[in-house]
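Okay, structure first, notes after.
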Amino acid sequence: MANKINNGKHDIVGTVVYYRRFRSRYPILERDILVWLPPSYKKERGKYYPVLYMHDGQNILDPTTSYAGQDWRVDETVTKLIKGNQIEEPIVVGIYNTHDRLQEYSVSEKGDHYLKFIVEELKHFIDSNFRTLTDREATAIMGSSMGGLCSLRMVWRYPHVFGKAGCLSSSFYYGEDAIFDLIESTHEKKNVKIYFDSGEDGKKDAQRMFCLFQKGTHSWRKF
């Protein structure tokens, strides 16, 4: 499993480490992983950092690998927020998707394997190779569309590992309301922070999910 340091290539801001064809012991496809390091990482050797895991990792930094040639500009945005003292410096881990994206990101057997891969294997690898804050309060997960659905599943199933989730334009409709059934059937409290947003296309499902949380007994917070 080789890695590569990228400093500025393809207009990427900052330092990125790539791990190609990362494998799991679970029956899911291998995939590339990228790790974006914050500005002070190389200078402050005794500093440890919170970690944001992101689905569809090929889309978040590099326009040459992203869908339709337009990346999320996570590197530029996070760097700007750091310089403005608006956020604590994070490490960002991008998890590339595969041809099994729909199954891996949804309520399915492969979806369960994908979540276990992140919790049991990838997080351990990142914590072992980078200076991370390993507690749940410093560990977040985020995605859009099917990645938003998957992020909610992750924080809901593993609140002791991930304390925060960002769910953008989430495909909550996918799987015949399986995610709504999961949330409604859960009675124990979840001490997690969840961010929801959506454009017009997914507004109805986003509002439905928000209302479900508002009327429920779950311990959660918007952020």
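Yes/no per residue for (1) under 17 Å from N129 (Cβ atoms); (2) in contact (Cβ under 8 Å) with a residue 60 or more places away in the chain; (3) surrounded by 17 or more Cβ atoms within 10 Å (Cβ to Cβ):
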residue	(1), (2), (3)
R23	yes, no, no
P27	no, yes, no
D32	yes, yes, yes
K43	no, no, no
P50	yes, yes, yes
Y53	yes, yes, yes
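Hey, can you tell me all the residues within segment 132-162 that are of a type outside the set (A, V, I, L, M), out of contact with any strand residue (DSSP E or B) (no Cβ under 6 Å at 6 or more places or on another chain) and either surrounded by fewer than 23 Cβ atoms within 10 Å (Cβ to Cβ) or at pLDDT below 95 (or both)?
Of the residues in segment 132-162, the ones of a type outside the set (A, V, I, L, M) are 132, 134-137, 139, 143-145, 147-148, 150-151, 153, 156-160, 162.
With the extra rule that they be out of contact with any strand residue (DSSP E or B) (no Cβ under 6 Å at 6 or more places or on another chain), the set shrinks to 134-137, 143, 145, 147, 153, 156-158, 160.
Of everything in segment 132-162, those that are of a type outside the set (A, V, I, L, M), out of contact with any strand residue (DSSP E or B) (no Cβ under 6 Å at 6 or more places or on another chain) and either surrounded by fewer than 23 Cβ atoms within 10 Å (Cβ to Cβ) or at pLDDT below 95 (or both) turn out to be T134, D135, R136, E137, S145, W156, R157, Y158, H160.
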Legend entry - Residues that are assigned to a loop (DSSP other than H, G, I, E, B), under 18 Å from I141 (Cβ atoms) and not aliphatic (A, V, I, L, M), drawn from segment 90-107: P90, Y96, N97, T98, Y105, S106
Inset, instruction - Tell me, please, whether a residue that is of a type outside the set (S, T, N, Q), part of a strand (DSSP E or B) and within 24 Å of K110 (Cα to Cα) can be found in segment 142-162. - result: yes
Legend entry - Counted residues, segment 182-197 - those being among the polar types (S, T, N, Q), touching a Phe, Trp or Tyr at 6+ places or on another chain (Cβ under 9 Å) and modelled with pLDDT of 85 or more: 1
Legend entry - Residue that is aliphatic (A, V, I, L, M), over 28 Å from L212 (Cβ atoms) and in contact with a strand residue (DSSP E or B) (Cβ under 6 Å, 6 or more places away or on another chain), where the choices are I87, I82, I91: I91
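Mind telling me which of the residues Y67, Y41 ends up being among the aromatic types (F, W, Y) and either under 21 Å from E89 (Cβ atoms) or modelled with pLDDT of 95 or more (or both)? Let's see the steps before the verdict.
Values: Y67 fails: either under 21 Å from E89 (Cβ atoms) or modelled with pLDDT of 95 or more (or both).
Sole residue among the options that is among the aromatic types (F, W, Y) and either under 21 Å from E89 (Cβ atoms) or modelled with pLDDT of 95 or more (or both): Y41.
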Inset, instruction - Test I179 against the criterion of being outside any loop (DSSP other than H, G, I, E, B), under 15 Å from the mean Cα position of the chain (by Cα), at negative phi and modelled with pLDDT of 90 or more, and give yes or no. - result: no
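Could you grab me the full set of residues in segment 64-80 that are in a loop (DSSP other than H, G, I, E, B) and more than 15 Å from W36 (Cα to Cα)? Give the derivation first.
Initial filter on segment 64-80 (in a loop (DSSP other than H, G, I, E, B)): 64-66, 70-73.
Across segment 64-80, the qualifying residues are T64, T65, S66, Q70.
The values are calculated or read from the model by the stated rules, or taken from the named source; none is laboratory data. Nothing here was measured: the structure is a model prediction, and the numbers come from that model. Cβ atoms come from the backbone with ideal geometry, glycine included; neighbour counts cover every protein chain shown.
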